[in-house]
C-alpha cells in the first residue's frame, strides 16, 4: 500500500512505500540508534521516519519511538532508558511545552547525555538565539528549512556527540575501576608486608638486648631495626594512601592530649634520632592541649614530619616541635591548635612548597640523598584535611631549614569517610 505525505524538502506531494518490516529485522534491537520523536503533528513523524529509513551511522540504522505531546514524551523517556537523541517540537500542549520538557530532562532527570534537537514551525514564539543561550539543547531548526540532508546531518552530528560522551563516561568508569583495583592491590600488598616486618623488628630488638658486650653485633642489630622501622613507615603510608584512594578509611575520633601524640612519635623514631645524634625539643602551651582527633592518624602525620626533619637535618642538629593555640603568625584561635615541626636541614627548593605534597613527588634538590616513596607529605595533608585542618611548608627566615606547620580544629564531627 502507498501513502501520500508531504516531502521533507518541499511542499510537493510524493508517493512513498510503507516501511518494510524486514528492514527493522536486519539488526538486533541493541544495534540501532534509538531516536525519540516528540511532536504533536503525525505528518512530521511519518515524514521524518520515512526520509531516514535507509540511512545509517557507524553501521547502525535508526529506530524511532514516538510521542505526540510533552506528557507522552515524559512517559516515553521512562520506558526507554537508551534514547540517544530527541527530536523535539517546541509548541505542543502549550507554547513552551517543549522547553519545559527540556528543563525536565536536564534538571529533574539530570540527564546530560541524551542529545536534544529542537524543531519548530513557529520560530517567532521561541527565537533560536534566545533558546540556544537559555536552554541546554544541542541544536535548533525551523521545520520549513529542515531538508532531508539537513535532518540527516543534524542526526549524525548529535549521535556522534552522544557516542563521544558515552565513550568518555565509559573510559572514566574504567579508569576509576582500575584505580580502585590498584589501590586495593597496594593495600593488600602493604598489609601482607606488615607481618614479616614486625617479626624482623622483634628479632632485631631481641638481638640488641642479648648482644651482651659485643658492640659491633649490637650496632648491626640496631641498623636492622632502624631500617625495618623506616620500611614499616613507608608500608604504613602506602597502606593509608591506598585506603584513602579507595574510600576505606575511618576516623576514630577521641579526645587526646596532643603532647602524648608527639611523645609517641618521638619514641617510634628514637633509634633514628640516636644514630644521627639529633635532639628533638618540644615546646608546648602552659595548659594541656586537648583535641578531638583520630590519634593513630595524627600520630602518623607527626611521624612523617619528624622523620623528614631528622632525615634532612645534619648530624647533631636540633629539631623543634611547637604546640600552641596560636599559629606561627601569632594569631590566637581558641578553636584550633597549631603544630609546627622546624628542622635544620637543606630547606625546600624555591617554588616547590606545594609540589612536595603531591603523591610520589620528592624535592628536586640534587644534594638530597634521602630515599623514600614520596608519600609521607601527601598522606599527611590528606589526613589533616580529613580532620578539617590544613598544612603548609616554608623555609626558615634564616635559611637554615624548613618549617612544616599544620592546624587542627579542637572539636571534630564523629564521621567516617563516605558518610
Subset tally (residues that are free of Cβ contacts under 8 Å to residues at least 40 places away in the same chain and not in a loop (DSSP other than H, G, I, E, B)) for segment 59-100: 18
I'd like to know if segment 154-167 contains one or more residues that are within 36 Å of the chain's Cα centre (by Cα), closer than 22 Å to residue 375 by Cβ and not assigned by TED's automatic domain parsing to the domain that holds residue 58. no
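If you go through segment 127-147 one residue at a time, how many are modelled with pLDDT under 75 and either out of contact with any strand residue (DSSP E or B) (no Cβ under 7 Å at 6 or more places or on another chain) or under 16 Å from residue 101 (Cα atoms) (or both)? Break it down into steps so the answer makes sense when it comes.
If we filter segment 127-147 for residues that are modelled with pLDDT under 75, which is where we start, we get 127-133.
Now drop any that are not either out of contact with any strand residue (DSSP E or B) (no Cβ under 7 Å at 6 or more places or on another chain) or under 16 Å from residue 101 (Cα atoms) (or both), which leaves 127, 129-133.
So the count comes out to 6.
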Residues in segment 247-266 that are out of contact with any strand residue (DSSP E or B) (no Cβ under 7 Å at 6 or more places or on another chain) and crowded, with 18+ Cβ neighbours inside 10 Å total 4
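For every residue, the table says whether it meets (1) more than 30 Å from residue 61 (Cα to Cα); (2) at pLDDT 80 or above.
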| site | (1), (2) |
| --- | --- |
| 150 | no, yes |
| 199 | yes, yes |
| 207 | yes, yes |
| 218 | yes, yes |
| 221 | yes, yes |
| 224 | yes, yes |
| 245 | yes, no |
| 248 | yes, no |
Select, from 201, 238, 269, the only residue that is crowded, with 16+ Cβ neighbours inside 10 Å, in the same structural domain as residue 322 (by TED's automatic domain parsing) and more than 27 Å from residue 411 (Cα to Cα). 269
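With 121, 98 as the choices, which residue is touching a helix residue (DSSP H, G or I) at 6+ places or on another chain (Cβ under 9 Å), modelled with pLDDT under 90 and either surrounded by 16 or more Cβ atoms within 10 Å (Cβ to Cβ) or under 22 Å from residue 64 (Cβ atoms) (or both)?
Working: 98 fails: modelled with pLDDT under 90.
Every option except 121 fails the conditions.
Here is a yes/no grid of residues against (1) at pLDDT 90 or above; (2) over 39 Å from the mean Cα position of the chain (by Cα); (3) more than 21 Å from residue 163 (Cβ to Cβ):
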site: 5; (1), (2), (3): no, yes, yes
site: 29; (1), (2), (3): no, no, no
site: 32; (1), (2), (3): yes, no, no
site: 37; (1), (2), (3): yes, no, no
site: 51; (1), (2), (3): yes, yes, yes
site: 64; (1), (2), (3): yes, no, no
site: 69; (1), (2), (3): yes, yes, yes
site: 75; (1), (2), (3): yes, no, yes
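Just a yes or no: is a residue in segment 257-274 outside any helix (DSSP H, G or I) and more than 32 Å from the chain's Cα centre (by Cα)?
If we filter segment 257-274 for residues that are outside any helix (DSSP H, G or I), which is where we start, we get 257, 269.
Applying the additional criterion that residues be more than 32 Å from the chain's Cα centre (by Cα) yields 257, 269.
Scanning segment 257-274, I find at least one residue that is outside any helix (DSSP H, G or I) and more than 32 Å from the chain's Cα centre (by Cα), so the answer is yes.
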Being touching a residue at least 60 places away in the same chain (Cβ under 8 Å) and under 20 Å from residue 378 (Cα atoms) is the filter here, so list the residues in segment 244-265 that pass it. 244, 245, 246, 247, 248, 249, 250, 251, 262
Report, ordered by the first and then the second residue, all pairs with beta carbons closer than 8 Å, sequence separation of six or more or different chains, a first member in segment 345-369 that is at positive phi, and a second member that is at pLDDT 70 or above and not in a loop (DSSP other than H, G, I, E, B). 347/395; 347/402; 360/378
Taking the conditions exactly as written (within 30 Å of residue 34 (Cα to Cα), touching a residue at least 24 places away in the same chain (Cβ under 8 Å) and surrounded by 16 or more Cβ atoms within 10 Å (Cβ to Cβ)), does residue 161 satisfy them or not? yes
Residues of segment 275-299 being loosely packed, with under 15 Cβ neighbours inside 10 Å and either in the same structural domain as residue 219 (by TED's automatic domain parsing) or in a strand (DSSP E or B) (or both), which ones? 279, 281, 282, 283, 290
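The values are calculated or read from the model by the stated rules, or taken from the named source; none is laboratory data. Everything quoted here is computed from the prediction, not taken from an experiment. As a convention, Cβ positions derive from the backbone with ideal geometry for all residues, glycine included, and neighbour counts pool all protein chains shown.
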